[in-house]
Structures are given as structure tokens and as C-alpha cells.
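Report on the structure given below.
The values are calculated or read from the model by the stated rules, or taken from the named source; none is laboratory data. What you see is a predicted model, and the numbers here were worked out from it, not measured in a lab. FYI the Cβ positions are ideal-geometry reconstructions off the backbone, even for glycines, and counts take in every protein chain you see.
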Amino acid sequence: MNAAPGWYDAGTPGRVRWWDGTQWTAHEAPVAAAAPLAGPPQSVAAPPHPGPPPGWYPTTADELRWWDGTVWTGSRVRDGKAGIDWATLEQPVFGWIAGGLSLFAGFCFLLSGVLTRNLTALPLLFVALSALWLAMAAQSTRVRRLPKPVGDPVAPEQVRPLPGEVEGPGAGWYPISRTAHRWWTGRRWGAYLSSRFGVRPTLHAEQSMRTLRVVVMVVGAVTAIAVVVGIVLIVIAVGPVQVAIGVLVTVCAVLFGVAVAVIWLVSRAQTRLLLLPTDPPATAAVHPSP
């Protein structure tokens with residue numbers, strides 16, 4: 001059998017077994033639970049954890065949220081409108097670390113201002129940046145800790161076509177980058193992306209790109225000001241303590257400059273990933289629909 005990795009009928013009525021591309025594994029699942037999890041090899045390299053299948057589930061009376069089979073995500077449908085939380089991080093720990101580093105940088109700028117008797121607004125800017133990161137981390141952590149969904153997922157029209165929906169020949173997951181794939185129904189692209197994080201809706205594309213641009217501009221401006229302040233402190237230093245403070249401020253600013261560069265690269269990659277392709281797939285499906 002030379003089929004791609006995935007769930008296949010192995011002879012047990014009502015159940016399917018995981019084929020890893022070369023041999024059968026011991027993992028089995030009900031047909032209904034395994035069907036929505038069909039995806040490209042990298043997104044299903046290991047069988048999913050037992051539990052509710054991926055889909056849209058109600059979390060409140062007027063909200064649906066995307067459950068990826070393992071964790072809740074920031075994607076939601078609220079009052080009939082699909083979108084994403086204002087603060088969503090795939091890895092909340094990154095927000096906690098970035099918030100702590102921003103707070104430390106603010107303390108360094110405050111200390112340098114006190115010792116040089118030249119207080120500026122930089123400590124306040126970094127404290128505000130720290131508050132933003134910590135708020136994003138707290139929001140993402142709160143969503144992750146929601147109780148697991150119960151019952152069956154729902155599929156309102158705003159979120160269709162869903163992964164697995166077939167509307168013509170050639171349906172399946174197609175690569176749009178080296179690490180991500182998008183669902184093609186046979187007639188149109190679905191607003192769902194499969195990557196190492198699992199299957200994620202991209203109905204929020206425009207909102208996310210606007211947020212990324214704002215973050216890049218704000219962090220970039222703060223970083224540029226910090227670099228200038230650090231260099232000035234070194235130039236006007238009258239002793240080793242002032243020089244050390246200037247160097248510390250400059251190093252912190254450079255680190256934030258690196259963060260800006262990373263965010264900028266992520267924003268460019270996100271633009272390519274989040275927007276729906278304008279042309280039909282030009283390659284063979286990585287995991288075609290059966």
C-alpha cells in the first residue's frame with residue numbers, strides 16, 4: 001500500500017486505522033471522529049489526542065469558537081460574524097516572556113534616568129508595551145483553559161466551506177508554503193490553513209494583518225527612540241556607571257530591534273498565508289479527498 005499517511009478502512013466496521021505512509025499503526029478511531037481530521041502529512045504526523053474532533057463549538061450563548069482537536073483557538077464566530085480575539089498567541093508563553101523583558105527594559109530606562117537625572121517617557125512606553133504583551137498572554141491562556149467542548153460541532157454558513165467539504169474533482173490539501181497547506185474543495189479555496197499548529201481558520205485575515213502592521217510600527221518606533229537614547233547616554237557619560245547604563249540601554253534597544261525584525265518577517269509571511277489564493281492549485285494534492 002503506497003497511500004499517503006492518514007486514516008483508512010482497515011476492515012473493522014465503523015472504525016478506521018492510522019496508516020503512517022509505510023505501515024499500519026495501532027491507533028484506531030471511529031469513522032465520524034477521524035473524517036474531519038484528514039490533513040497534510042505534517043499536520044497529522046501523529047494521531048490526534050482522543051476527544052472531541054476539530055470544529056466550531058458553542059462556548060457561550062452567542063459565540064462559537066474553533067477547537068482544533070487539542071486546544072481552543074482565538075478564532076470565533078460572535079453574533080453571526082466570524083473573526084478572531086483581539087489578542088491571540090499560538091504560544092502564550094511567548095507573551096509572558098516578552099512582557100517580562102519589556103518590563104525589565106522599562107526598569108532599566110527608569111534607573112538610567114534617575115542616575116543621570118534625565119528622566120524621559122521611555123520607561124512608560126516600555127511599561128505600556130509590557131502591559132500589552134501580558135494582556136495578550138493572559139487572554140490566550142484564558143481561552144486555552146476553557147472546558148473541552150461537548151456535543152457535536154456546528155457549521156454555520158459564515159465558516160464554510162469546512163475542511164473535508166468536496167464540491168468537485170481534485171479536492172484535498174494543497175501546499176501554499178513549505179510548512180502550510182490549504183483546503184481546496186474542487187471549486188474554491190477554503191478559509192482553513194493546516195500547519196504545525198494544526199488546522200486554523202483564516203477568516204480573520206484582514207484584521208490580523210492590520211494588527212500586525214500596528215504592532216510593527218509601535219515596537220519599531222519605541223526601539224528607534226531607545227537606540228538614540230542609549231547612544232546619547234554613552235556619549236555624555238562622565239563615569240563608568242553612566243557608560244554601563246548607556247550600554248545596557250543600547251543592548252536592550254538592539255534586542256527589541258531584533259524582535260521588530262522578526263515581527264516584520266512574520267507579518268510578511270502571514271500576508272502570504274492568510275489571504276486566499278486567487279488561482280486554483282497548480283500541483284497535486286498532498287492529501288487528496290477520497
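General observations
- The residue that is surrounded by the fewest Cβ atoms within 10 Å (Cβ to Cβ), counting only those in the stretch 174-197 that are more than 16 Å from the chain's Cα centre (by Cα) and part of a loop (DSSP other than H, G, I, E, B), is Arg178.
- Consider the stretch 95-130 and keep the residues that are surrounded by fewer than 19 Cβ atoms within 10 Å (Cβ to Cβ) and not aliphatic (A, V, I, L, M). The one that is farthest from Gly239 (Cα to Cα) is Trp96.
- Meets criteria (touching a Leu at 6+ places or on another chain (Cβ under 6 Å) and touching a residue at least 60 places away in the same chain (Cβ under 8 Å)) for Thr179: no
- For beta carbons closer than 9 Å, sequence separation of 6+ or different chains, a first residue in the stretch 157-173 that is assigned to a loop (DSSP other than H, G, I, E, B) and surrounded by 16 or more Cβ atoms within 10 Å (Cβ to Cβ) and a second that is aromatic (Phe, Trp, Tyr) and at pLDDT below 85, the qualifying pairs are Pro163/Trp173.
So that you can scan it fast, the table gives a plain yes or no per residue for (1) out of contact with any Lys or Arg (no Cβ under 9 Å at 6 or more places or on another chain); (2) modelled with pLDDT of 85 or more; (3) closer than 22 Å to Thr250 by Cβ; (4) among the polar types (S, T, N, Q):
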| site | (1), (2), (3), (4) |
| --- | --- |
| Ala105 | yes, no, yes, no |
| Leu110 | yes, yes, yes, no |
| Asn118 | yes, no, yes, yes |
| Leu122 | yes, no, yes, no |
| Ala131 | yes, yes, no, no |
| Gln139 | yes, yes, no, yes |
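- Across the stretch 150-185, the number of residues qualifying as within 30 Å of Ile97 (Cα to Cα) and in contact with a Lys or Arg (Cβ under 8 Å, 6 or more places away or on another chain) comes to 2.
- Residue selected from the stretch 198-230 under the condition modelled with pLDDT of 80 or more and within 12 Å of the chain's Cα centre (by Cα), by the criterion surrounded by the most Cβ atoms within 10 Å (Cβ to Cβ): Val199
- Within the stretch 71-81, tally of residues that are over 14 Å from Thr141 (Cα atoms) and surrounded by fewer than 20 Cβ atoms within 10 Å (Cβ to Cβ): 4
- Per the listing Ile263, Ile245, Ile234, the residue uniquely at pLDDT 80 or above and either more than 30 Å from Arg76 (Cβ to Cβ) or assigned to a helix (DSSP H, G or I) (or both) is Ile234.
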